[in-house]
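Working notes for the structure below.
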Amino acid sequence: MAAWMKVQSSGGRQLLSVVYLVAAVVIILPATSSRWRPQWLWREDRGVATHLLLFMHDVLTGPDATAVDVVNGTGRAFDVAGGLRFGQVVVMDDVLTEGPSRSSPRVGRTQGFYVFSDMNVPALLFCMNVVLTAGPYAGSTVTILGRDYITQPLRELSVVGGTGAFRMATGYVLWRTASWQFRADAVLELDVFVHTRPEYLQSPPPPLHHRPPPPTVVVT
C-alpha cells in the first residue's frame, strides 16, 4: 500500500508506467506455461507431418512449353538470368515427376505464376498449387507461396494451405535447381514438408454459404 501511495504522489506518468508493467507481466507469465500455449504452435502429438519429394519441369521453349510469358518486364535486365527483366510475369502449368528426368513417372502438376519482383536481383514471387494426380494423395493439392532467388543454391518457400488430405496445411518447401538451360528450361527439386491436423480431415467440409441475390436497381 505504501508503494502504491508513493507512485500516486510522484505523478500520473509513473502511475501509467506501473500499470503497463503489471499488465505485461500478467500477459507474459501465462504464455510461458504449456497450459496457455497458443493452439497454432506446431506440436508433434497434435498433427501429421508429410514429406513429398517432387521434381518440377519448367519448360519455356518448344511446342510443348508449359511456362508462358504473359507480361514482358520493362525494368532492369538481369544478365545472369539471360535478359529477364524486373516486372516479367510467367504463367505455368508444369509437370511434376518422381525423379529429375522428364521420363520419370508423373505425379502431378504445378499451376500458378511467378513474377520477377525484385528490382536488384533475379528473385521471383512464386504463387502456385501443387496438384497431385497419382499416388496416395491423388486429388489433393498443396498451395505454395514465397520468394525464389534463383541464383542461390537453396531457397525456402512457404506452404500456406491445401485441399483434400492437406486441408488447412502449413509447412515449408526447400527449393533447389536440379538443372537449368540458360534462358530456356529448368528442373526444380521440391522438398515439401506439410503439416496437417487430423481433426480437419475427419469431418466433411462445411457447406458453402449462398450469396444473397444482388439488389434490384430501379432507374427512374
Potential extension, D191-R147 segment - 0.36 nm per residue separation minus Cα distance: 14.3 nm
Chain lengthening between R176 and S158 when straightened (0.36 nm per residue, less Cα-Cα): 5.1 nm
Percent of Cα pairs exceeding the 17 Å cut-off, where the set is segment 109-193: 49
Computed lengthening from S104 to T61, 0.36 nm per intervening residue step minus Cα-Cα distance: 13.5 nm
Heavy-atom surface of segment 81-156, accessible at 1.4 Å and reported per residue (Å²): 45
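The values are calculated or read from the model by the stated rules, or taken from the named source; none is laboratory data. Treat the numbers as computed from the prediction; the structure is a model and nothing was measured. For the accessible areas, the whole protein counts, side chains as well, though only heavy atoms, and no ligand, DNA or RNA atoms are used. Shrake-Rupley method; radii C 1.70, N 1.55, O 1.52, S 1.80 Å.
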